[in-house]
Amino acid sequence: MAISTLHLSLLLTLSSLAAAAASASADGSDVVAELLALQSQSDSGVIHLNDHLFNRLLTATKPPRPFSLLIFFDATQLHSKTELQLKALRSEFALVASSFIANNEDNPSSRSKLFFCDVEFRESQSTFSAFGVNSLPHIRLVPATARNVKDDSQQMDAGDFSRLAESMAEFVESKTKLTVGPIHRPPLFSKKQLMVIFAVVLIWLPFMVKKVIAGETLLHDRKIWMAGAVFVYFFSVSGSMHNIIRKMPMFLADRNDPSRLIFFYQGSGMQLGAEGFAIGFLYTIVGLLLALMTHVLVKVRNVTAQRLIMIVALFVSFWAVKKVVSLDNWKTGYGIHMYWPSSWQ
């Protein structure tokens with residue numbers, strides 16, 4: 001009788017443990033705990049997946065799962081192709097992940113609902129095939145309700161990559177209703193670098209003050225100021241700051257014909273460096289011609305020469321502005337039409 005009671009107690013204990021394990025597997029708490037552990041082992045919070053781990057995460061839980069996955073598809077053999085910007089986009093993806101974790105440090109429930117992951121082509125070819133990924137860059141959100149990863153997942157549009165981390169954060173917030181928060185970018189200079197710069201400035205300051213008092217600096221040269229004004233004007237109208245911040249390439253290779261280069265990208269969500277330089281060059285021509293007519297041409301005493309130069313300058317300015325408007329119409333799809341008085345129609 002005692003043996004039967006012992007066997008019954010063991011059977012009940014094993015049944016309870018099995019029920020508890022089944023319950024934990026059903027609600028996905030063990031998978032979430034594993035993901036949190038993997039997340040803590042990564043410096044940026046991005047979990048590196050392979051085919052085995054990805055399949056296990058999906059098969060261990062049933063939808064609706066207690067978490068969503070944002071996956072960055074990478075290929076190390078394509079990092080040398082600067083037009084794809086895979087390394088830069090991977091770095092921006094890591095910034096979004098670390099910012100999301102830092103901003104939700106006091107909100108564990110939100111932090112455990114989304115995990116940032118990456119997969120590499122050579123290690124996870126089956127995962128690439130399951131999602132149907134055949135081109136990069138590619139970011140895909142696997143929502144908690146996804147049953148088929150290819151049909152139920154949501155792809156980030158290629159045009160949204162132009163704003164890098166900020167556009168990725170907006171994509172996450174719009175699709176998951178979670179708050180990413182501000183992007184925490186590393187400082188431009190470290191503390192040691194700032195100390196070195198400060199020391200150099202202190203040493204150089206007395207010599208600079210002496211030069212300024214004597215009027216022997218480049219800032220006292222009128223030609224330098226003129227060249228600087230033209231440079232600032234070109235820098236402003238060409239969108240160079242946008243290209244620097246977003247690390248935009250000068251051109252892209254045509255996916256249908258790799259030997260062909262694309263210098264002008266049709267679509268308002270992305271601007272190539274060549275586009276900005278072309279527009280900046282046209283605007284700079286107009287600005288220089290305007291400066292010529294208002295500061296130089298007025299000093300010419302020959303009326304015929306004045307009129308001839310003014311006509312040529314106006315014609316070239318009109319042609320340059322027309323080219324800018326035509327490019328804007330082609331790129332954005334919005335037409336800009338001239339206004340004519342009703343009596344002229």
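The values are calculated or read from the model by the stated rules, or taken from the named source; none is laboratory data. Since we're looking at a predicted model, the values are computed, not measured. Because the Cβ atoms are built from the backbone with ideal geometry, glycine has one as well, and the counts that use them run over all protein chains shown.
Residue 25: small (Gly, Ala, Ser), at pLDDT below 85 and assigned to a loop (DSSP other than H, G, I, E, B), yes or no? No.
Could you pull out the residue among 307, 260, 246, 301 that is of a type in the set (Lys, Arg), out of contact with any Asp or Glu (no Cβ under 9 Å at 6 or more places or on another chain) and under 30 Å from residue 134 (Cβ atoms)? Before the answer, list the steps.
Working: 307 fails: under 30 Å from residue 134 (Cβ atoms); 260 fails: out of contact with any Asp or Glu (no Cβ under 9 Å at 6 or more places or on another chain); 301 fails: under 30 Å from residue 134 (Cβ atoms).
The conditions single out 246.
Can you find a residue in the stretch 147-163 that is part of a loop (DSSP other than H, G, I, E, B) and under 28 Å from residue 251 (Cβ atoms)? Looking for residues that are part of a loop (DSSP other than H, G, I, E, B) and under 28 Å from residue 251 (Cβ atoms), one finds at least one in the stretch 147-163, hence yes.
So which of 208, 241 is on the phi < 0 side of the Ramachandran plot, within 34 Å of the chain's Cα centre (by Cα) and among the aliphatic types (A, V, I, L, M)? Spell out how you get there, then give the answer.
Details: 208 fails: within 34 Å of the chain's Cα centre (by Cα).
Being on the phi < 0 side of the Ramachandran plot, within 34 Å of the chain's Cα centre (by Cα) and among the aliphatic types (A, V, I, L, M) holds for just one of 208, 241, which is 241.
Quick check on the stretch 63-76: of everything there that is of a type outside the set (D, E, K, R) and under 21 Å from the mean Cα position of the chain (by Cα), which residue is farthest from residue 89 (Cα to Cα)?
Taking the stretch 63-76 as the starting set, the residues that turn out to be of a type outside the set (D, E, K, R) are 63-64, 66-73, 75-76.
Restricting the remaining residues to those that are under 21 Å from the mean Cα position of the chain (by Cα) gives 69-73, 75-76.
Numbers: 69: 17, 70: 14, 71: 12, 72: 9, 73: 10, 75: 12, 76: 13 Å.
Only one residue fits best here, namely 69.
Per-residue answers, yes or no, for (1) small (Gly, Ala, Ser); (2) surrounded by fewer than 16 Cβ atoms within 10 Å (Cβ to Cβ); (3) within 17 Å of residue 148 (Cβ to Cβ):
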| position | (1), (2), (3) |
| --- | --- |
| 43 | no, yes, no |
| 46 | no, no, no |
| 49 | no, no, no |
| 54 | no, no, yes |
| 57 | no, no, yes |
| 63 | no, yes, yes |
| 66 | no, yes, no |
| 70 | no, no, no |
| 77 | no, yes, no |
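For the stretch 216-261, a tally of residues being at pLDDT below 75, of a type in the set (D, E, K, R) and more than 25 Å from residue 325 (Cβ to Cβ) returns 6. The listed residues are 171, 121, and the only one of them that is aromatic (Phe, Trp, Tyr) and surrounded by 20 or more Cβ atoms within 10 Å (Cβ to Cβ) turns out to be 171.
Listed by first and then second residue, the pairs linking a residue in the stretch 278-303 that is over 12 Å from residue 230 (Cβ atoms) and free of Cβ contacts under 8 Å to residues at least 24 places away in the same chain to a residue that is part of a helix (DSSP H, G or I) and of a type in the set (Gly, Ala, Ser), with Cβ atoms under 6 Å apart and 6 or more places separating them unless they lie on different chains, are 293/313. From the list 326, 317, 342, the one residue that fits, being over 26 Å from residue 164 (Cα atoms), modelled with pLDDT of 85 or more, small (Gly, Ala, Ser) and not assigned by TED's automatic domain parsing to the domain that holds residue 83, is 317.
Tell me which of these residue 183 doesn't satisfy, since it passes every other one: (1) β-branched (Val, Ile, Thr); (2) buried (at least 16 other Cβ atoms within 10 Å of the Cβ); (3) assigned by TED's automatic domain parsing to the domain that holds residue 42; (4) in a loop (DSSP other than H, G, I, E, B). So residue 183 meets the others, but not (3).
Matching residues to (1) over 26 Å from residue 329 (Cα atoms); (2) outside any helix (DSSP H, G or I); (3) in the same structural domain as residue 78 (by TED's automatic domain parsing); (4) aromatic (Phe, Trp, Tyr):
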| position | (1), (2), (3), (4) |
| --- | --- |
| 202 | yes, no, no, no |
| 231 | yes, no, no, yes |
| 266 | no, yes, no, no |
| 282 | no, no, no, no |
| 298 | yes, no, no, no |
| 304 | yes, no, no, no |
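Could we say that residue 201 is modelled with pLDDT under 90 and surrounded by 11 or more Cβ atoms within 10 Å (Cβ to Cβ) here?
Details: modelled with pLDDT under 90: yes; surrounded by 11 or more Cβ atoms within 10 Å (Cβ to Cβ): no.
Judged against the criteria, residue 201 is not a match.
Residue-level check: of (1) over 22 Å from residue 116 (Cβ atoms); (2) at pLDDT 80 or above, residue 165 misses just (1).
Of the residues 241, 248, 293, 310, the single one that is in a helix (DSSP H, G or I), closer than 23 Å to residue 168 by Cβ and outside the structural domain of residue 156 (by TED's automatic domain parsing) is 241.
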